[in-house]
Amino acid sequence: MAAEFGVVMLLYLKQAIERQGDGRLLEAIDQGAVQRVRPKAMTVAVIVAGLIPIMWSEGAGSEVMQRIAAPMIGGMLTAPLLSMFVIPAAYLLMRRRSNHLKGETR
């Protein structure tokens, strides 16, 4: 899921930069990242809502399912944070470095 979130985030960032150009790189990255907040929040909320009942279940096989659901819940809470904060920041740094190496300003 984290890889999928990251790929989609990179696509949105690239599209936002193509629309605004490299001159307004920070604004383009902000705009691209903000477009993904609501869909990502809805996706995570639905997945976590589906996993919570597994964590509270009792009965045959519940111990095994709880051991599977616990790391999935943790991953679903941390993966969006990674894709919302780390990926745009890393993309900005790499894009600036690339522009600097090409001899462009900013």
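Please treat every number below as a calculation from the coordinates, not as lab data. Quantities reported herein were computed from a predicted structural model and do not represent experimental measurements. Cβ placement follows ideal geometry from the backbone for every residue including glycine, while neighbour counts extend to all protein chains displayed.
Data table
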quantity	calculated
Using a Förster distance of 22 Å, the FRET efficiency for Thr78-Arg38 (Cβ separation, nearest 0.05)	0.70
CD proxy at 222 nm, helix term only [per DSSP H run n ≥ 4: -39500 (n - 2.57); per residue of the chain; nearest 500]	-27000 deg cm²/dmol
Net length gained if the chain between Arg24 and Ala2 were fully extended (0.36 nm per residue, minus Cα distance)	5.2 nm
Cα centroid separation - the range 60-106 against the range 1-54, whole Å	10
Arg67 versus Val46: modelled label distance in nm, points set 7 Å from Cα along the beta carbon direction	3.0
Sequence-separation-based contact order of the range 2-102, relative, with Cα cut under 8 Å and 6+ spacing, percent	38
